[in-house]
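Where a number appears in this text, it was derived from the coordinates with a stated rule and is not lab data. Here the structure is a predicted model, which is why all the values come from computation and not from measurement. Cβ placement follows ideal geometry from the backbone for every residue including glycine, while neighbour counts extend to all protein chains displayed.
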Amino acid sequence: MLTARRFWLGLAVSAVFLFLFLWRVDFQEVRGELGDGGKYLYLGPAVLLYFFALGIRCLRWRYLLLHLKPVSPLGLYPIVAIGYMANNLLPIRLGELVRAHFLGEKEGISKASGLATIGVERMMDGLTLLLLVGIVWPFLPWTEVLRDDAGNVKSWWLVLSILVILSFLGGFAALVLLALRPQLGNALVRRVAGLLPPAFQETAARLGLQLMDGLVALRSPRKLLIMCILSAPVWLVEVLVYYVMALAFDLGLPFQVILLVTATSNLATAVPSSIGGIGPFEVVAKSTLLAFAVGGDVATAYVFFVHIITLWLPVSLLGLAFLWRENLSLTRLARSRELSVSSAGGLGTDSMSGEGEAR
């Protein structure tokens, strides 16, 4: 895997963003901010809130999976935690494939269908964040960062905002259309499969149809409404995580600004990068804080603490604990070249086993 182009591309992207994040930082000041023991008293409540948000995600995912198999939120929790851990330790969001694979192994659900439900989740996350930002937008205490010297809103902000909104709306609309028009989805699958060499056409068509099966939940207005309703508390609880740590660092920012920081930093992780979205997350979160007159060194310390200490480390340790309980090896998983195939179609299912491997 280390020789894969996507790994080195992600590493390069993260390196560039980390350089920008650390540019002109006074490391002595940052170390002083991070060395304040009082801040760590807030860490426990913040982590518990994050784990609670993970539980709400499991409840939402349950509704996406109901047409495939009823699975309790408690049963989904280890699968989600392992998927998040893998996202944090493997490049280019391979944790989504890991989550689909674990779901298939533990519950006997088609891995391609499971992967499709995860894709729906991600679209809903993006749309929910954009909706929450739209709600608080009029109440944000903007500085002049969005305006030029003439007082006009900078055009690139508008263009970027429109592109982000259209990408999520367009993606979600396409998924809903494919769910509501299964004949269209099946025809699209067969057409795409027909472009492949004959030896791969049957397998590709089967996997494509399984992906379409994962979208069936979008046909039910009731389930769709429930999932939309559950998406709001998922992110509002995560905003509370950021807010608790903002109190620890005495940022003096209102809740709506912290919500914006949460939204922009998480949307930034859609940029292909190395492990855990490290790089894009830091730069965008820090830039958002700077827009509201937070000092550069304080913003650097806060973003590092929130992303690495509060979000990245605890769920990674939790996922590794669940992985150890399942007697599975992350090393074998990371070395497997069949991950994308096995997670999508159930091939190579023994690639994740292996007692005695390093965990």
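Which order, highest average first, do 291-301, 184-194 follow once you tally other Cβ atoms within 10 Å for each residue and take the mean per peptide?
Packing order, densest peptide first, comes out as 291-301, 184-194.
When peptides 49-58, 235-244 are ranked by their average number of other Cβ atoms within 10 Å per residue, the highest-first order is 235-244, 49-58. Derived scalar couplings between HN and Hα for segment 240-246 equal 4, 4, 4, 5, 4, 6, 5 Hz in order, rounded to whole Hz, by the Karplus curve 6.51 cos²θ - 1.76 cosθ + 1.60 (θ = phi - 60°), x for Gly and Pro. If the chain linking GLN183 and ARG219 were pulled fully straight, counting 0.36 nm for each residue of separation and taking away their Cα-Cα distance, it would gain 11.6 nm. Of the peptides 108-121, 217-230, 251-264, the order by per-residue mean of other Cβ atoms within 10 Å, starting with the highest, comes out as 108-121, 251-264, 217-230. The modelled label-to-label distance between ARG122 and ALA293, using points 7 Å beyond Cα along the C-beta direction, is 3.9 nm.
Ordering HIS307, HIS101 by the number of other Cβ atoms within 10 Å of each residue's own Cβ, fewest first, gives HIS307, HIS101. Listed values for segment 165-174 are Karplus-derived 3J(HN,Hα) couplings in whole Hz (6.51 cos²θ - 1.76 cosθ + 1.60, θ = phi - 60°), namely 4, 5, 5, 6, 4, x, x, 5, 4, 5, and x replaces Gly and Pro. In terms of surrounding Cβ atoms within a 10 Å radius of their Cβ, LEU76, LEU89 rank from fewest to most as LEU89, LEU76.
For LEU196, list long-range residues whose amide hydrogen, built 1.01 Å from N in the peptide plane, is under 5 Å from its own amide hydrogen. HN-HN under 5 Å from LEU196: empty list. Each residue, LEU74 and PHE51, gets one label point 7 Å from its Cα in the Cβ direction; the gap between the two is 1.6 nm.
The distance between label points at GLN28 and GLN201 comes to 7.1 nm (points 7 Å beyond Cα on the Cα→Cβ vector).
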